[in-house]
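Just below is one structure, and these are the notes that go with it.
The numbers here are math on the coordinates, done by the rules we state, and not lab data. The model shown is predicted, which means the values in this text are computed figures rather than measured ones. Glycine also receives a Cβ, built like all others from the backbone with ideal geometry; neighbour counts cover every protein chain displayed.
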Amino acid sequence: MPATLRAICADITTLSVDAIVNAANNTLLGGGGVDGAIHRAAGPELLAYCHTLNGCATGEAKITPGFRLPARHVIHTVGPVWRDGKHGEPALLAACYRHALKLAAQSGLETIAFPCISTGVYGYPPDLAAPCALRAVREELARLPSIREVIFCCFSEEERTRYESLCEIFLA
Ligand code: ADP
């Protein structure tokens with residue numbers, strides 16, 4: 001059975017999935033946006049655990065427990081800071097999605113929710129980030145049959161509509 005892809009508009013910290021993905025920074029020691037929300041909801045145990053991880057390179061991913069979150073795990077990845085699109089940003093953004101999915105599959109997880117990585121403080125234009133994310137997920141899922149469901153957890157109705165139409169195009 002191919003994985004289900006869906007787009008929803010929600011606070012990612014409320015989702016009961018095997019893993020939510022965090023758009024973290026290189027230190028993994030917390031920040032604003034979705035990172036701050038995840039740390040607040042997971043509790044101080046998450047920050048303590050992250051202190052043992054030695055940070056994370058841009059485009060890579062690391063896994064932690066979800067602690068007080070309804071999600072069982074958090075997969076932390078670090079998106080690229082947008083400059084002009086000519087500094088490897090698309091490849092790095094795609095790598096975030098691919099590495100997070102790979103890590104989920106290696107950890108035996110089947111359901112995963114992504115925020116719109118890099119499109120907040122890191123400034124990646126949302127209309128460019130969405131097709132890049134969709135393409136990377138679709139390509140990686142072809143190699144990872146154990147993943148059952150991927151949720152694009154958008155934070156605005158506009159973003160959700162964008163992902164929904166792209167899902168239809170990409171899955172047609
Ligand atoms: P980055 O530094 O990678 O740009 P941000 O956290 O600033 O990360 O933003 C990434 C995306 O996450 C943005 O689209 C933002 O609107 C969204 N976002 C912020 N808080 C949440 C949340 N609680 N749940 C889901 N998405 C969120």
Per-residue ellipticity at 222 nm for the chain, helices alone: DSSP H runs ≥ 4 residues times -39500 (n - 2.57), over residue total, nearest 500 deg cm²/dmol? -12000 deg cm²/dmol
Measure out, as a whole number of angstrom, how far apart the alpha-carbon centroids of the range 142-172 and the range 41-106 sit. 19
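Net charge near Gly79, counting Lys/Arg +1 and Asp/Glu -1 over other residues with Cβ under 12 Å of its Cβ?
On the way: positive: none; negative: Asp35, Glu60, Glu89.
Net of charged neighbours comes to -3.
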Once the Cβ-Cβ distance between Cys9 and Leu144 is put in as r, and R0 is 22 Å, what FRET efficiency do you end up with, to the nearest 0.05? 0.30
How far apart, in nanometres, would the label points at Ala48 and Asn26 be if each is projected 7 angstrom from Cα along the Cα-to-Cβ direction? 2.8
Can you tell me what share of the DSSP beta bridges in the chain is antiparallel? A percent to the nearest 5 is fine. 20
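Wrap a convex hull around the Cα atoms of the chain, take a quarter of its surface area, and give that in square nanometres. Show your work: numbers first, answer last.
On the way: hull surface 35.2 nm².
That works out to 8.8 nm².
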For the residues Lys62, Lys102, Lys86, what sequence is obtained by ranking on other C-beta atoms within 10 Å, fewest first? Lys86, Lys102, Lys62
